[in-house]
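To keep things clear, I will list the structure first and then write my remarks on it.
The values are calculated or read from the model by the stated rules, or taken from the named source; none is laboratory data. As the structure is a computational prediction, the values presented were derived from the model and not from experiment. Note that each Cβ is placed from the backbone with ideal geometry, even for glycine, and that neighbours are counted across all protein chains shown. The accessibility values were calculated without ligands, DNA or RNA, using every heavy atom of the protein model including side chains. Shrake-Rupley method; radii C 1.70, N 1.55, O 1.52, S 1.80 Å.
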Amino acid sequence: MRGRWRVTILCLCLASGLAAASESERSVSERISVTQVEVAVQVLRKGEPVRGLTADDFVVLDRGEPQPIVSFEVVDSATDTAAEASSAEPSGSVGPSESVDGRRRRHLLLLVDLDLTEWKHLPGALTGARRMVAEQLHPSDRLAVGFYSSFFGPQLLTGFIDRREASLVALDVIEAIVARRPERVAEGLIELSRLADLRFEGEPAGEETWQRVARQWSAAILRPLDGPTPGAPSVGGRSPDEISLDPVLGSLTSTPSLADEPVLRRVRELGRGLRDLALRLAAVPEPKQILLLSQGFPSRFLEDRNHTARAVFRLDAALKAFLETGWVLQAVDVRGVPSIDEPAFDGNALFHLAHHSGGRLYENFNRIDRATEKIVERTSLTYVLVIQPNVEADGSFHDLEVRLPGMRRVDLYYRPGYRAPTRADRPRRLDDRRDVAELVLADRELRDFEFDLLALPVPASGERARVPVLLEIPGEALLERPFGGIASIEIHAYGLDRFGGVQDLFIRRVDIDLARDGRRLERGGLRLAGHLELGTGVGEIRVLVRNLADDALSLAKAPLEVAALGRTDLVVLPPLFLDRSRDWLSLPLASGEAAAAAPEVETLRGLGVDFFPRLAPAFRSNREQQLVFNLFYSTVEAPLVELRLLTARGDEMEAPDVRFLERYVGEAGATGLVATWKPKGLAPGGYTLEIALVDRATGRRVEGEAEFKIVEPS
């Protein structure tokens with residue numbers, strides 16, 4: 001993973017907590033695990049915490065199933081006198097998992113967004129943050145302070161400590177960045193290294209290191225709009241000139257054509273940075289809240305069809321990380337109350353991040369400390385409920401619901417779900433496509449859901465053949481656990497030679513807008529068509545489909561032999577049962593440079609969005625079917641064409657009455673035949689339709705076959 005996304009500056013207090021293995025997942029078998037899940041719940045009535053509740057008052061549902069509460073704890077900062085007394089003395093830099101007299105402590109991460117926020121709003125935001133640190137926090141609270149930029153990702157200036165002096169110095173560092181004072185930034189970093197044991201990339205750093213870091217931050221984060229900063233240093237192997245680093249300034253409200261692309265890049269990077277931050281701080285115990293001070297971004301990036309998939313995918317990746325690790329995001333809009341001449345604020349973007357993680361959006365506050373005061377008050381009382389469900393070790397997402405059956409007119413805030421553990425033989429998460437490639441090439445048994453694969457062995461007219469690869473994914477595999485309004489999958493297709501070497505591959509991501517295409521997925525599913533450029537001989541196609549909502553993986557394989565037309569007289573492809581219905585969503589997968597020059601699956605006439613083969617054909621008897629046969633021959637005289645119908649046991653039946661409608665010439669010398677067939681009187685069950693070419697001169701015979709099912713009338 002690129003260094004720009006690492007949390008490169010961390011206090012020593014985080015090292016032991018992040019390195020320690022979580023004990024919340026104890027596998028008792030290969031497929032079923034007993035998982036301990038902590039659910040931190042805030043209960044509010046008219047904005048005030050409700051005290052005095054017990055475990056008997058709560059009901060916790062995991063995917064609708066009630067779960068027993070095996071442990072119950074109350075974290076109440078307002079009444080935690082023991083915690084207050086024992087934290088009267090400065091504790092310095094301590095591990096995040098430590099508690100006071102066995103009691104839990106609230107963990108808050110104050111994150112200032114320097115990337116998507118107009119800088120005129122930041123001084124007021126920092127003033128409010130100082131008041132929160134100095135006046136609003138309980139002595140037992142652990143606070144970490146950091147900032148976010150698109151170039152460096154999230155940067156933590158302190159770990160989770162209760163030394164308020166160090167937290168205030170961290171805010172001074174951020175203010176110095178905003179004020180364009182790198183020398184003050186360096187002074188603050190040096191002071192933090194003394195007060196909070198601040199380290200650079202985990203190692204002790206001297207004055208020269210901190211001065212260099214300060215210059216890098218100033219050069220990258222503060223680069224002016226009209227060009228690069230002369231002599232700006234390279235950070236993480238990349239020059240600051242390689243990416244747009246400026247504050248968004250007024251472009252947030254300018255025309256979409258001028259602002260959308262740079263802001264969209266920042267939105268995607270924000271999602272990725274928040275995801276990495278949550279995962280790296282997963283070991284911090286609950287209750288834990290991220291306080292994000294930000295301006296956010298226009299909601300058109302969540303609503304416009306051209307932007308939704310690109311923006312929401314990254315944001316949902318961050319939300320999944322929040323749900324997996326228990327972090328709750330509290331978003332504070334730093335823009336204040338709009339004047340009479342300004343349009344009303346649009347807080348949908350910040351609301352999306354906060355609401356779906358179990359937090360809230362705080363907007364229309366001219367004094368940020370009043371917003372933080374409400375956050376501190378509303379999260380001062382937390383009920384930590386621990387459940388221990390038996391779940392399948394498949395890494396899937398589980399919805400959570402918390403109820404208070406005996407109470408009315410109360411608001412509950414909690415994490416809305418968690419991710420199940422993963423079997424020991426499966427990766428916890430796949431952060432890099434190289435991880436997926438290793439799974440494909442290792443030929444692992446992966447079958448989290450079913451899908452069908454068909455690779456058509458088109459013969460090579462030259463050195464290589466353009467082999468169509470067709471996929472059919474049932475809709476339930478995509479709709480079972482979608483995240484947000486987008487179903488996203490990755491297709492990893494590899495063409496291997498007889499020795500297991502990779503001849504060609506393509507990797508494509510498909511984002512499906514469920515509001516627009518969800519009905520078609522419910523009725524049928526998703527059909528995809530791509531191609532691989534393969535040499536002649538025996539080989540294998542391997543396709544891995546990854547559902548990005550829950551990292552569910554399925555791998556399918558198809559043996560393949562690509563013939564050379566110059567050395568082979570006859571080649572016949574399997575018969576294709578076509579589907580002109582609109583029950584399935586059918587899409588091409590552009591793959592390789594050749595795709596730019598020719599449409600997908602050009603060899604097979606008519607294969608497109610409205611004319612696509614069924615890979616697992618099933619239909620009722622007496623229902624007319626449309627077929628396409630693709631034949632290749634280089635004989636002087638046209639070969640004979642024979643058709644046979646076989647039962648599932650291989651018994652030959654009466655020859656099918658197929659009516660040929662059209663003949664065409666396709667790529668690589670293909671002769672295509674379009675036909676219709678009405679299978680009459682076939683009993684429900686499995687069958688095979690076989691087409692054969694017979695050389696009239698030599699009697700040589702080659703076959704291609706396709707299986708289908710006759711189903712009972714509904």
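Some points to look at:
- Of all residues in segment 516-553, those being buried (at least 18 other Cβ atoms within 10 Å of the Cβ) and either closer than 26 Å to Gly462 by Cβ or hydroxyl-bearing (Ser, Thr, Tyr) (or both) number 11.
- Candidate set from segment 687-702 (those that are closer than 13 Å to Ser634 by Cβ and among the hydrophobic types (A, V, I, L, M, F, W, C)); member that is least open to solvent (accessible area, probe 1.4 Å): Leu693
- Restricting attention to segment 561-597, the residues being modelled with pLDDT of 90 or more and farther than 28 Å from Phe660 by Cβ number 0.
- When segment 477-500 is limited to residues that are among the charged types (D, E, K, R) and in contact (Cβ under 8 Å) with a residue 40 or more places away in the chain, the one that is farthest from Asp579 (Cα to Cα) turns out to be Arg498.
- Unmet criterion (only one of (1) more than 24 Å from Lys320 (Cβ to Cβ); (2) open to solvent by 10 Å² or more (accessible area, probe 1.4 Å)) for Asp513: (1)
- Residue match in segment 376-394 (condition: free of Cβ contacts under 8 Å to residues at least 60 places away in the same chain, more than 27 Å from Asp316 (Cα to Cα) and among the charged types (D, E, K, R)): no
- Index of the failed condition, Arg696 passing every other in (1) touching a Pro at 6+ places or on another chain (Cβ under 7 Å); (2) within 17 Å of Val458 (Cα to Cα); (3) modelled with pLDDT under 90: (2)
- Ser714, sole failed condition from (1) open to solvent by less than 70 Å² (accessible area, probe 1.4 Å); (2) small (Gly, Ala, Ser); (3) modelled with pLDDT under 90: (1)
- Residues of segment 487-503 satisfying the condition of being assigned to a strand (DSSP E or B) and either surrounded by fewer than 20 Cβ atoms within 10 Å (Cβ to Cβ) or within 19 Å of the chain's Cα centre (by Cα) (or both): Ala487, Ser488, Ile489, Glu490, Ile491, His492, Asp497, Val502, Gln503
- Residues that are over 23 Å from Gly566 (Cβ atoms), open to solvent by less than 20 Å² (accessible area, probe 1.4 Å), outside any strand (DSSP E or B) and touching a Pro at 6+ places or on another chain (Cβ under 9 Å) occur in segment 673-686; there is at least one.
- Any hit, segment 405-417, residues being of a type in the set (Val, Ile, Thr) and modelled with pLDDT of 85 or more: yes
- Test: residue in segment 137-153 that is open to solvent by 10 Å² or more (accessible area, probe 1.4 Å), touching a strand residue (DSSP E or B) at 6+ places or on another chain (Cβ under 8 Å) and either outside any loop (DSSP other than H, G, I, E, B) or at pLDDT 90 or above (or both): yes
- Qualifying residue in segment 662-672 (condition: touching a strand residue (DSSP E or B) at 6+ places or on another chain (Cβ under 7 Å), at pLDDT 90 or above, open to solvent by less than 80 Å² (accessible area, probe 1.4 Å) and closer than 30 Å to Gly566 by Cα): no
- Taking segment 180-215 as the range and being outside any helix (DSSP H, G or I) and open to solvent by 60 Å² or more (accessible area, probe 1.4 Å) as the test, the residues that pass are Arg180, Arg181, Glu201, Glu203, Pro204.
- Looking only at segment 267-286, residues that are in contact with a Ser or Thr (Cβ under 6 Å, 6 or more places away or on another chain) and buried (at least 24 other Cβ atoms within 10 Å of the Cβ) come to 1 in all.
- Residue within segment 327-344 that is open to solvent by 40 Å² or more (accessible area, probe 1.4 Å), closer than 24 Å to Thr117 by Cβ, of a type in the set (Gly, Ala, Ser) and modelled with pLDDT under 90 present: yes
- Residues of segment 363-378 satisfying the condition of being under 30 Å from the mean Cα position of the chain (by Cα) and open to solvent by less than 10 Å² (accessible area, probe 1.4 Å): Ile375
- Subset of segment 636-659 [open to solvent by less than 50 Å² (accessible area, probe 1.4 Å) and either assigned to a strand (DSSP E or B) or closer than 21 Å to Gln626 by Cβ (or both)]: Leu643, Leu645, Leu646, Thr647, Pro656, Val658
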